[in-house]
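Visitor: Here it is, the structure in full.
The values are calculated or read from the model by the stated rules, or taken from the named source; none is laboratory data. As the structure is a prediction and not an experimental result, all values here were calculated from the model. A quick note on method: Cβ atoms are made from the backbone with ideal geometry, for glycine too, and the neighbour counts reach across all protein chains shown. These accessible areas exclude ligands, DNA and RNA; they are computed on the full protein's heavy atoms, side chains included. Shrake-Rupley method; radii C 1.70, N 1.55, O 1.52, S 1.80 Å.
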Amino acid sequence: MLNPDVMEKYANVDQWLAANPRWRDEAKALRPVLLDCGLSEAVKWGKPCYGHDGNNVCIVQSFKGFLALLFVKGILLEAPEGVLESQGKNTHSSRRVCFRSTEDVKRLEPTLRDLVRQAMAVEDAGTPLPERAPLVLVAELQARLDADPTFKAAFEALTPGRQRGYHLHISDAKQSKTRAARVDKLAPRILAGKGLRDR
């Protein structure tokens, strides 16, 4: 869970830009393009977020090696090859465009405008996201579920996102004994109905 102080740190995008020098020029070049497309602007989760009719469309994210514009439902958008990329193997629906210079923003502006138009149309149409592939739990977690009906009931009562969060955290360990130890350590949280990052 994000620190509430981080989430509330910036009242608006101007404050975010003033406090974040990394990729500031690129973010400043990107901002008027997004606003000109008719998106609303706010700071959510400590980052500039752009929306349409109350729905989050895209989020600006500053990384060490690039600035990203993450489209929340990017899996539903069409772009030239290599423009939209996944954040990683566990990402389902979001896709991002990466910028390493203001020239990148200028060069990609027509594509960005088209992506925003598509994203707004997706929201207007209420287009559903494709289903995730069924979650195949890591063996150590599955063994505990099979052996303990109370634990299984508690895990199944969690939201799919919380279940996935536990699976990813546990499966990230390289050794089986470490994965089993993580299951044991996290069992009280699961039994209490809490997600991995819930307080």
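Visitor: So what's the projected area for segment 43-117, the Cα convex hull averaged over all directions, in nm²? Intermediate values should be presented prior to the final figure.
Guide: Working: hull surface 21.8 nm².
Reported value for the Cα convex hull: 5.4 nm².
Visitor: Let me know the longest stretch in the chain that avoids all chymotrypsin sites (Phe, Trp or Tyr not before Pro) found in a DSSP loop with at most 14 other C-beta atoms within 10 Å.
Guide: Working: sites that count: Trp45, Phe63.
Longest site-free region, per DSSP loop and neighbour criteria: 64-199.
Visitor: Given contacts defined as C-alpha pairs under 8 Å and at least six residues apart, what's the relative contact order of the chain, whole-number percent? Provide the component values of the computation, followed by the final result.
Guide: Working: 241 pairs, mean separation 30.5, N = 199.
This gives 15 percent for the chain.
Visitor: Express the carbon and sulfur contribution to the solvent-accessible surface of segment 14-138 as a percent, rounded to the nearest whole number, probe 1.4 angstrom. Walk me through the numbers on the way to the answer.
Guide: Details: 3250 of 6580 Å².
In segment 14-138, the share of accessible area belonging to carbon and sulfur is 49 percent.
Visitor: Hand me the trypsin sites (Lys or Arg not before Pro) from segment 68-111 located in a DSSP loop with no more than 12 other Cβ atoms within 10 Å, in residue order please. List each step's numbers first, then the result.
Guide: Working: sites: Lys73, Lys89, Arg95, Arg96, Arg100, Lys106, Arg107; in loops: Lys73, Lys89, Arg100.
Qualifying residues, ordered by number: Lys89, Arg100.
Visitor: Next question, about the same structure. So how strong a dipole does the chain carry about its Cα centre when Lys and Arg Cβ are +1 and Asp and Glu Cβ are -1, to the nearest 20 debye? Provide the component values of the computation, followed by the final result.
Guide: Working: 31 positive and 25 negative charges, 181 e Å.
Computed charge dipole of the chain: roughly 880 debye.
Visitor: Roll a 1.4 Å probe over the protein chains and send me the accessible area per residue for the chain in Å². Mind dumping the intermediate values first?
Guide: Values: 11340 Å² over 199 residues.
On a per-residue basis, 57 Å².
Visitor: Another question about this same structure. Taking every Cα atom in segment 109-183, find the radius of gyration and the maximum pairwise distance Dmax, and write them in Å.
Guide: So, for segment 109-183, Rg and Dmax equal 18.8, 56 Å respectively.
Visitor: To the nearest whole percent, what portion of all C-alpha pairs in segment 1-128 is separated by more than 24 angstrom?
Guide: Details: 1859 of 8128 pairs.
More than 24 Å apart: 23 percent of the Cα pairs in segment 1-128.
Visitor: Quote the FRET efficiency, to the nearest 0.05, computed for Asp198 versus Ile75 with a Förster distance R0 of 41 Å and r equal to the Cβ-Cβ distance. Mind dumping the intermediate values first?
Guide: Numbers: r = 27 Å, r/R0 = 0.65.
FRET efficiency, Asp198 to Ile75: 0.95.
Visitor: Dipole of segment 1-100, Cα-centred, from +1 at each Lys and Arg C-beta and -1 at each Asp and Glu C-beta, to the nearest 20 debye? Kindly include the intermediate steps, with their values, before the conclusion.
Guide: Numbers: 13 positive and 11 negative charges, 73 e Å.
So the magnitude is around 340 debye.
Visitor: Among Pro149, Cys98, Gln175, whose Cα lies farthest out toward the positive end of the dipole of the chain, if unit charges sit on the beta carbon of Lys, Arg (+1) and Asp, Glu (-1)?
Guide: Gln175
Visitor: Using the basic label-point model (7 angstrom from Cα toward the beta carbon), what is the Thr102 to Ala125 distance in nanometres?
Guide: The two pseudo-label positions are separated by 3.6 nm.
Visitor: Right, here's the next one. If segment 31-83 were replaced by its equivalent ellipsoid, with semi-axes equal to the square roots of 5 times the Cα gyration tensor eigenvalues, what would those be, largest first, whole Å?
Guide: On the way: eigenvalues 61, 48, 23 Å².
After diagonalising the Cα gyration tensor, the semi-axes are 17, 16, 11 Å.
Visitor: Sticking with this one: Using the Cα centre of the chain as origin and beta-carbon charges of +1 (Lys, Arg) and -1 (Asp, Glu), tell me which of Gly54, Leu30, Val136 is placed farthest towards the positive end of the dipole.
Guide: Selected residue: Val136.
Visitor: Follow-up. Per-residue HN-Hα couplings for segment 76-83, Karplus 6.51 cos²θ - 1.76 cosθ + 1.60 at θ = phi - 60°, whole Hz, x for Gly and Pro?
Guide: Couplings: 8, 9, 10, 8, x, 3, x, 7 Hz.
Visitor: Also: At 20 °C and a viscosity of 1.002 mPa s, what translational diffusion coefficient does Stokes-Einstein give for segment 56-186, taking Rh as the Kirkwood radius over Cα pairs? Give it in µm²/s as a whole number. Don't jump to the answer; show the numbers that get you there.
Guide: Values: Rh = 17.4 Å.
It comes out at roughly 123 µm²/s.
Visitor: Tell me, in nm to one decimal, what length is gained between Lys64 and Ala173 on full extension, where the rule is 0.36 nm per residue of separation less the Cα-Cα distance?
Guide: On the way: separation 109, 0.36 × 109 = 39.24 nm, distance 2.50 nm.
Contour length minus Cα-Cα distance gives 36.7 nm.
Visitor: Restricting to DSSP loop positions (anything but H, G, I, E, B) with no more than 14 other Cβ atoms inside 10 Å of their own Cβ, which GluC sites (Glu not before Pro) remain in segment 126-189? Write down the numbers at each step before the final one.
Guide: Numbers: sites: Glu131, Glu140, Glu156; in loops: Glu131.
Those satisfying the criteria are Glu131.
Visitor: Between Asp53 and Asn12, what is 0.36 nm times their sequence separation minus the Cα-Cα distance? Round to one decimal in nm. Present the calculation step by step, with values, prior to reporting the outcome.
Guide: Details: separation 41, 0.36 × 41 = 14.76 nm, distance 1.86 nm.
Full extension of this stretch gives 12.9 nm more.
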